[in-house]
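A short write-up of the structure that comes next.
The values are calculated or read from the model by the stated rules, or taken from the named source; none is laboratory data. Treat the numbers as computed from the prediction; the structure is a model and nothing was measured. Every residue, glycine as well, gets a Cβ built from its backbone with ideal geometry; the counts of neighbours run over all protein chains shown. SASA here: full protein model, heavy atoms, side chains in, ligands and nucleic acids out. Shrake-Rupley method; radii C 1.70, N 1.55, O 1.52, S 1.80 Å.
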Amino acid sequence: MANIAILSYLKRDSLVHELTGTTKLIFFIAWSVATMVTYDTRVLAVLLILSVVIFKVSKVRLYDIRFVLGLAVVFVLLNNLFVYLFAPEYGVELYESRTVLFTIAGPYTITLQQLFYHLNMTMKVACVVPVALLFIACTDPSEFAASLASIGVSYRIGYSVSLALRYIPDVQREYHNISQAQQARGIDLSGKDKVFTRMKNSVAILLPLVLSSLNRIETVSNAMELRGFGKDKKRTWYSQRRMKRNDWLVIALAVIVFVVDMTVTFWDGSRYYNPFL
């Protein structure tokens, strides 16, 4: 079985990695709010281009995050499918016009307005997901915890998030090692067997994985308790860095993107761009 990296820190020599965790967190929040609020296709197109540029600058390869991207694609497809099944005429109501391309059966028709609405939904996800993945892949977990504390989040919550992000690669390695050990003992986990057989064999991996995870959690919690974690209301952070010129420029860019997004989106009093009027 191949060892696939899932939501882990990927160290690269790039401009995105050089930014502080606080800068990346502020940019991510502003970007996410700006993308989620708007349904203006013109704004989404610009944000999509910018997200591609940011991804290119980060030097993170699509191969590195292929698993999570695959899950995002599945989510987008299912989301579009269920929206159409339960509201096949929502786009018609939203854009106040109806251009039928062809009829499937009964109330299910393919209209240009509905397709345009699905396009906007897909673009919104395509704008947010790459930036979200880059934020996780380009930010050291300890620095991420420090960035959360810098915006007023309790350091206990920040440290919990940091531990969770650090623990993901450990679980992956542990799963890979247990899987290899079980296959060496003759347990087949490939796609050759039936689904029920593979599910039964997977228990041979999941049970040791859960037990080792519980053991590791107990070790970490005991170590934190012995060091008096949570005694004080505030703490300092070893990995916290000072803001530099590039950090302020990126924060300024985030503010500009957010303001322009809101201005263009609500210019005519609606957050939906309607090209059918």
Based on what the data block shows, is ALA87 farther than 27 Å from ILE136 by Cβ and open to solvent by less than 60 Å² (accessible area, probe 1.4 Å)? yes
Quick check on region 164-183. Is at least one of its residues free of Cβ contacts under 8 Å to residues at least 24 places away in the same chain and open to solvent by less than 50 Å² (accessible area, probe 1.4 Å)? yes
Filter region 106-123 for residues that are in a helix (DSSP H, G or I), hydrophobic (A, V, I, L, M, F, W, C) and free of Cβ contacts under 8 Å to residues at least 60 places away in the same chain and give the result. LEU115, MET121
What pairs come out if I take residues in region 258-275 that are in a helix (DSSP H, G or I) and pair them with residues that are at pLDDT 85 or above and small (Gly, Ala, Ser) whose C-beta lies under 6 Å away, six or more apart or interchain? PHE258/ALA30; PHE258/ALA34; ASP261/ALA34
Looking at ALA254, ALA204 in this structure, which one is among the hydrophobic types (A, V, I, L, M, F, W, C), surrounded by 15 or more Cβ atoms within 10 Å (Cβ to Cβ) and in contact (Cβ under 8 Å) with a residue 60 or more places away in the chain? ALA254
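Do we have SER221 as open to solvent by less than 40 Å² (accessible area, probe 1.4 Å), of a type in the set (S, T, N, Q) and more than 25 Å from the chain's Cα centre (by Cα) here? Full working, then the answer.
Details: open to solvent by less than 40 Å² (accessible area, probe 1.4 Å): no; of a type in the set (S, T, N, Q): yes; more than 25 Å from the chain's Cα centre (by Cα): yes.
No: the conditions fail for SER221.
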Among the numbered criteria (1) open to solvent by 20 Å² or more (accessible area, probe 1.4 Å); (2) out of contact with any Pro (no Cβ under 9 Å at 6 or more places or on another chain); (3) in a helix (DSSP H, G or I), which single criterion is violated by VAL153? (3)
If you go through region 100-109 one residue at a time, do you hit one that is in contact with a strand residue (DSSP E or B) (Cβ under 8 Å, 6 or more places away or on another chain) and open to solvent by less than 60 Å² (accessible area, probe 1.4 Å)? yes
Among the residues of region 35-46, are any more than 30 Å from ASP268 (Cα to Cα) and either in contact with a helix residue (DSSP H, G or I) (Cβ under 9 Å, 6 or more places away or on another chain) or open to solvent by less than 30 Å² (accessible area, probe 1.4 Å) (or both)? no
Determine the pairs where a residue that is of a type in the set (Asp, Glu), located within region 124-151, has a partner that is assigned to a helix (DSSP H, G or I) and buried (at least 21 other Cβ atoms within 10 Å of the Cβ) with Cβ atoms under 8 Å apart, the partner being 6 or more residues away or on another chain. ASP140/GLY21; GLU143/GLY21
Could you tell me which residue of region 224-247 is farthest from TYR155 (Cα to Cα), considering only residues that are surrounded by fewer than 12 Cβ atoms within 10 Å (Cβ to Cβ) and touching a residue at least 60 places away in the same chain (Cβ under 8 Å)? ARG242
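So that you can scan it fast, the table gives a plain yes or no per residue for (1) touching a Ser or Thr at 6+ places or on another chain (Cβ under 9 Å); (2) outside any helix (DSSP H, G or I); (3) open to solvent by 20 Å² or more (accessible area, probe 1.4 Å):
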{"site": "LYS11", "(1), (2), (3)": "no, yes, yes"}
{"site": "THR23", "(1), (2), (3)": "yes, no, no"}
{"site": "LEU48", "(1), (2), (3)": "no, no, yes"}
{"site": "ILE54", "(1), (2), (3)": "no, no, yes"}
{"site": "ILE65", "(1), (2), (3)": "no, no, no"}
{"site": "PHE75", "(1), (2), (3)": "no, no, yes"}
{"site": "LEU81", "(1), (2), (3)": "no, no, yes"}
